[in-house]
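Written out below as structure tokens is the structure these notes cover.
The values are calculated or read from the model by the stated rules, or taken from the named source; none is laboratory data. Since we're looking at a predicted model, the values are computed, not measured. Note: ideal-geometry Cβ built from the backbone for every residue, glycine included; neighbour counts use all protein chains shown. In case anyone asks, the SASA skips ligands and DNA or RNA and just uses the protein heavy atoms, side chains included. Shrake-Rupley method; radii C 1.70, N 1.55, O 1.52, S 1.80 Å.
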Amino acid sequence: DEAGYQEMYRQSVENPEDFWGEHGKRIDWIKPYSQVSDVSYDKADLHISWFGDGTLNAAANCLDRHLASRGDQTAIIWEGDDPADSRHISYAELHEEVCKFANVLKAEGAKKGDRITIYMPMIPEATVAMLACARLGIMHSVVFGGFAAAELAKRIDDATPKAIISASCGHEPNRIVSYKPLLDEAIELSTHKPDHCVVYQREALQADLVEGRDLEWHAAHEGVEPLAPVPVKATDPLYILYTSGTTGQPKGVIRDNGGHAVALQWTMPNIYDTHPGEVYWAASDIGWVVGHSYIVYAPLLIGATTIVFEGKPVGTPDAGT
């Protein structure tokens, strides 16, 4: 109500340390923080740090902590370009997929502090890839699937990813978009070369794989065991997301782990009136920051059900930023 909002606003302005210190307790910490913020706007010592001495894992907060209470609940409702093509994925199922794919990445040499580029259509495996990176303490860099090879190459050179995760194709209204030729061209154009590419083969189009570099998603999972979450600092980077590049070289924007998780979980009940067990839809794409925040992280942080659509245009890139 209005009175409750005004009181919450007053607390956040008058005593932000206590306000965010209390809301920080609503996520799970491996090592609890003792300091809420460390902020200086002095030009000689400019820095902003939230929950700096705490450690956590964003993927564990999205999945592991919900298993006991809502493991059978649907975490993701996926609807393809054809509405008859859909999946419901429970928290337990999503947890297993993320844990196993994290170990796929680890087996290929990826480790905490690395970067991995994700160039995929709006399929559940894109969310799995993001959360698997977070589980390993790897920064994911999602590039919108509509970008051409030259634009992907710029982002590869800037992020210098250990690996790239992609798919053979994406479905859009009345057409199939072949991703793999764009990926191959981007790698040819880029100065930096990834060690490996993991490619999700889809029924509509099978991609040609480069021997020694490319791994097929399903084959890479054979015999893989789940992986426990890797502790990261609250101030460690969670992801890099690039600006559109329309005004020059794309700029990589970095979000950290701790403050990001605390802020997003707060917004769901207090801004969007969405609560655990409810269904939430953000009309965006994971290639945009809204898709990162409100298709993947925020709904799963609170134990809601998120909706992923493929092939439904939601407007220009600005619609998601």
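For segment 164-193, which residues satisfy the criterion of being in contact with a strand residue (DSSP E or B) (Cβ under 9 Å, 6 or more places away or on another chain), outside any helix (DSSP H, G or I) and open to solvent by less than 10 Å² (accessible area, probe 1.4 Å)? Answer for segment 164-193, where residues must be in contact with a strand residue (DSSP E or B) (Cβ under 9 Å, 6 or more places away or on another chain), outside any helix (DSSP H, G or I) and open to solvent by less than 10 Å² (accessible area, probe 1.4 Å): Ile164, Ile165, Ser166, Ala167, Ser168, Cys169, Gly170. Can you find, within segment 61-72, the residue that is least open to solvent (accessible area, probe 1.4 Å) among those that are free of Cβ contacts under 8 Å to residues at least 60 places away in the same chain and assigned to a loop (DSSP other than H, G, I, E, B)? Once the filter is applied, the top-ranked residue is Gly71. Scan segment 258-276 and give yes if some residue there is open to solvent by 40 Å² or more (accessible area, probe 1.4 Å), under 14 Å from the mean Cα position of the chain (by Cα) and closer than 22 Å to His140 by Cβ, otherwise no. Among the residues of segment 258-276, not one is open to solvent by 40 Å² or more (accessible area, probe 1.4 Å), under 14 Å from the mean Cα position of the chain (by Cα) and closer than 22 Å to His140 by Cβ, which makes the answer no.
For segment 84-99, a residue qualifies if it is closer than 26 Å to Gly303 by Cβ and out of contact with any helix residue (DSSP H, G or I) (no Cβ under 8 Å at 6 or more places or on another chain), and the qualifying residues are Ser86, His88, Ser90, Glu93, Glu96.
Looking only at segment 194-228, filter to residues that are over 23 Å from the mean Cα position of the chain (by Cα) and acidic (Asp, Glu); which one of those is least open to solvent (accessible area, probe 1.4 Å)? Among them, the one singled out is Asp208. Ala75 meets each of the listed conditions (1) small (Gly, Ala, Ser); (2) over 24 Å from Tyr294 (Cβ atoms); (3) assigned to a strand (DSSP E or B) apart from (2). Selection of segment 194-223 for residues being outside any loop (DSSP other than H, G, I, E, B) and not aromatic (Phe, Trp, Tyr) yields His196, Cys197, Val198, Val199, Arg202, Leu205, Asp214, Leu215, Glu216, His218, Ala219, Ala220. Going through (1) at pLDDT 95 or above; (2) open to solvent by 40 Å² or more (accessible area, probe 1.4 Å) one by one, Asp82 falls short only on (1).
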